[in-house]
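In what follows, a structure is listed as structure tokens, so that the remarks can point back to it.
The values are calculated or read from the model by the stated rules, or taken from the named source; none is laboratory data. What you are looking at is a predicted structure, and each value in this text was computed from that prediction instead of being measured. All Cβ positions, even for glycine, are placed from backbone atoms using ideal geometry, and neighbour counts span all protein chains on display.
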Amino acid sequence: MKFSYNGISTSGEARSGSISAVDHDAAIAKLQQKGIYITDIRESVSKQGKAQPSVGLWDEISAFLPIKNSQKIFFFRQFALMLRSGLSVSEGLDILRGIQRGGMRRIIDDMNDHISAGRSFSQAMEKHEGVFTPLALHMIRSAEASGELEPALVRIADFMERQAEIKSQLISTMTYPAVVLLMTVGVFVFLMTTVIPKFAAFFEKTGRIPPAEMLQMIGISSFIHQYWWLIIVVLTVISISIYLVYKHPKGRLWIDFILLKTPLIGSMISATAMSQITWGLTSMLQSGISVVQSLQIISSLISNKVIARDISQAADDILCGDDMGKSFRKPYIEGLIQEMTLVGERTGNMVQVMEDAGGFYEERVRSITKALAGAMEPISILLIGGVVGYVYYGFFKSMFAVSG
């Protein structure tokens, strides 16, 4: 609950504002602790006790939209700054509420209400497990127990920024070939549905037999015109089948295994997963989370289920009494991670070793991304050039056949 108040400070100055508390008496007690003597206090009519930016139509709509990763990163980083400045958790959330928009503002309101009711920050966050990752929740819970909430918030923001950067690199790398592929399909369909039928009609009028290449294209064009609905049905069935297979645990493992074995793409997936493992272990071990629990959380974050299964098995092996170096001897955990883990155990400096390995894999992801982008460009050119070239070859051969 929020209360608006008027009062006088110990120095005799007039004070007014709003405060969050469980009830009326708790609000008065809080203000008295701050050295403010109350002259008037009442429950706020709305949650906007303080002057807040006006809520427009877009703010109302955005409250129902998914919360962006950038909003979460901003929330953790700015909240860490508030705590570093000496503000309480509730005061920091009050300020952040005025900065954030949409669904994030609604979540901050809800968390502040739970904190005012006597719950901890981690308990308030648990009410929004769909928004905050298990890694963030465990790190916050551990940080509250150790009294190091502000460094944990910074580590969470750093980890999320690294993951966002890797994701952005992957998207930018795959955008170009995806666009080229769509253009290739578009050009091919356009030629088959508009240009080739005119050539077919021309040859039919002249009574001449077109070259073999043109006959092939005329056959493809006729098939598209007559059975376009069948093509759509087949593509839909294939898409749904792949989706259903991917949703099934065994099917997901099978598809992820194939992706791991694909040149360049497999290297990218592996390097990305190794980066998540190393940076995840670095962040969580610094926050005081056990190795087993850290690995279990990391396995839930890795998208490739083949690698995630190896990480989960490594956590089970440690629980059974194996050391970390031995438990990491798995087929899809890269050799460098295995060796670095042994070094970390021997030196007793696992956090620093994992941080160094994380930096290496972060750079490796960048280099593989560049290599993948470099390989995709000529492949894309050959693809679209091959389709267009084949069609034009058929055109020119047909023209020579007509003129001859």
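What is the one condition in (1) at pLDDT 90 or above; (2) more than 19 Å from the chain's Cα centre (by Cα); (3) within 18 Å of Ile311 (Cβ to Cβ) that Pro249 does not satisfy? Single failed check for Pro249: (1). Among the residues of segment 375-395, the one identified as without any contact (Cβ under 8 Å) to a residue 40 or more places away in the chain and surrounded by 12 or more Cβ atoms within 10 Å (Cβ to Cβ) is Gly385. Out of curiosity, is Phe202 closer than 19 Å to Val185 by Cβ, part of a helix (DSSP H, G or I) and out of contact with any His (no Cβ under 9 Å at 6 or more places or on another chain)? No; evaluated as a whole, the condition is false for this residue.
Just name the residue that is farthest from Glu377 (Cα to Cα) out of those in segment 168-193 that are in contact with a Ser or Thr (Cβ under 9 Å, 6 or more places away or on another chain) and among the hydroxyl-bearing types (Ser, Thr, Tyr). Across segment 168-193, the extreme among qualifying residues is Thr193.
Every listed requirement among (1) among the hydroxyl-bearing types (Ser, Thr, Tyr); (2) closer than 28 Å to Ile368 by Cα; (3) surrounded by 14 or more Cβ atoms within 10 Å (Cβ to Cβ); (4) free of Cβ contacts under 8 Å to residues at least 40 places away in the same chain is met by Thr282 save one, (4). On the basis of being of a type in the set (Asp, Glu) and out of contact with any Phe, Trp or Tyr (no Cβ under 6 Å at 6 or more places or on another chain), does Asp323 make the cut? Against the criterion (of a type in the set (Asp, Glu) and out of contact with any Phe, Trp or Tyr (no Cβ under 6 Å at 6 or more places or on another chain)), Asp323 qualifies. Scoring Asp110 on the criteria (1) touching a Lys or Arg at 6+ places or on another chain (Cβ under 9 Å); (2) surrounded by 16 or more Cβ atoms within 10 Å (Cβ to Cβ) leaves a single failure, condition (2). Residues in segment 124-148 that are under 17 Å from Gln286 (Cβ atoms) and assigned to a loop (DSSP other than H, G, I, E, B) were compared, and the one that is farthest from the chain's Cα centre (by Cα) is Gly147. Scanning segment 354-378 for residues that are within 28 Å of Leu191 (Cα to Cα) and modelled with pLDDT under 80 yields Ala375, Met376, Glu377. Considering Ser312, Ser290, Ser294, Ser267, the condition of being more than 30 Å from Lys370 (Cβ to Cβ), surrounded by fewer than 22 Cβ atoms within 10 Å (Cβ to Cβ) and at pLDDT below 90 is satisfied by Ser290 alone. From the list Thr272, Thr262, the one residue that fits, being under 27 Å from Gln163 (Cα atoms), out of contact with any helix residue (DSSP H, G or I) (no Cβ under 7 Å at 6 or more places or on another chain) and not acidic (Asp, Glu), is Thr262.
Among residues that are of a type in the set (Val, Ile, Thr), surrounded by 15 or more Cβ atoms within 10 Å (Cβ to Cβ) and in contact (Cβ under 8 Å) with a residue 40 or more places away in the chain, Thr369 is included.
Looking only at segment 15-41, count how many residues are in a strand (DSSP E or B), modelled with pLDDT of 70 or more and loosely packed, with under 12 Cβ neighbours inside 10 Å. Full working, then the answer.
In the first step, residues of segment 15-41 are kept if they are in a strand (DSSP E or B); the result is 15-20, 36-41.
Then keep just the ones that are modelled with pLDDT of 70 or more; that gives 15-20, 36, 41.
Checking which are loosely packed, with under 12 Cβ neighbours inside 10 Å leaves us with 16.
Here the count works out to 1.
Picking from residues in segment 208-232 that are in a helix (DSSP H, G or I) and touching a residue at least 60 places away in the same chain (Cβ under 8 Å), the one that is surrounded by the most Cβ atoms within 10 Å (Cβ to Cβ) is Met217. Taking segment 285-404 as the region of interest, the helices (runs of 4 or more DSSP H) fully inside it that hold 3 or more residues being within 22 Å of the chain's Cα centre (by Cα) and not β-branched (Val, Ile, Thr) are 291-301, 305-319, 350-403.
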